[in-house]
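Take a look at the structure set out below.
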Amino acid sequence: MLYYEFVVDLRNNRKKMEKLSKQEEDAMQAVWQFGRGFIKDFLELMEEPKPPYTTLASTVKNLERKGFVESEKMGNSFRYAPAILEEDYKKKFMNGFVNDYFQNSYKDLVTFFANDKKISASELKEIIKLIENPKS
């Protein structure tokens, strides 16, 4: 899954998405999974090979600068928390992705995957059921 930083484009007064690095993406996944915590907490959740503590600390500081996490000083350490909900981010990311690559057409997105044999007829039927009956 890709993650993007939201940057305000002052010329057009709109939000633009910029891709985060794989390192930032992995760190953000750990922050979302753990919630409010310290670097050591996030490090424990990361898959092998785990980054060095100092590398993860730098990455989280970058995520804070970019507005993805917020921090509070606690003694000699900082405790971090997600500043953006994962679900909200996914919605913003997908809207930008569909707009950028499929001219804002979800039909074109589904057609792309159907033509590339990445989605089956039975999966499409499930999607149609979800659209027709969103609570089922």
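Okay, residues lined up against (1) over 13 Å from Gly37 (Cα atoms); (2) among the hydroxyl-bearing types (Ser, Thr, Tyr):
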| site | (1), (2) |
| --- | --- |
| Tyr53 | yes, yes |
| Asn62 | yes, no |
| Phe68 | yes, no |
| Arg79 | no, no |
| Pro82 | no, no |
| Lys90 | yes, no |
| Gly96 | yes, no |
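If a residue must be assigned to a loop (DSSP other than H, G, I, E, B) and under 27 Å from Met28 (Cα atoms), how many such residues does the range 99-121 contain?
Final tally of qualifying residues: 1.
Can you name the condition, by its number, that Tyr106 falls short on among (1) closer than 30 Å to Thr54 by Cα; (2) open to solvent by 50 Å² or more (accessible area, probe 1.4 Å); (3) touching a helix residue (DSSP H, G or I) at 6+ places or on another chain (Cβ under 9 Å); (4) not basic (Lys, Arg)?
Single failed check for Tyr106: (1).
From (1) among the β-branched types (Val, Ile, Thr); (2) more than 17 Å from the chain's Cα centre (by Cα); (3) modelled with pLDDT under 95, pick out the condition that doesn't hold for Ile39.
Result: Ile39 passes all but (3).
Residue-wise test of (1) open to solvent by 60 Å² or more (accessible area, probe 1.4 Å); (2) closer than 26 Å to Gln23 by Cβ; (3) part of a helix (DSSP H, G or I).
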{"site": "Pro51", "(1), (2), (3)": "no, yes, no"}
{"site": "Glu64", "(1), (2), (3)": "no, yes, yes"}
{"site": "Ser71", "(1), (2), (3)": "no, yes, no"}
{"site": "Ala81", "(1), (2), (3)": "no, yes, no"}
{"site": "Phe97", "(1), (2), (3)": "no, yes, yes"}
{"site": "Glu123", "(1), (2), (3)": "yes, no, yes"}
{"site": "Leu130", "(1), (2), (3)": "yes, no, yes"}
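The values are calculated or read from the model by the stated rules, or taken from the named source; none is laboratory data. Since this is a predicted model, take the numbers as computed values, not measurements. FYI the Cβ positions are ideal-geometry reconstructions off the backbone, even for glycines, and counts take in every protein chain you see. Remember, those area values only see protein heavy atoms, side chains included, never the ligands or the DNA or RNA. Shrake-Rupley method; radii C 1.70, N 1.55, O 1.52, S 1.80 Å.
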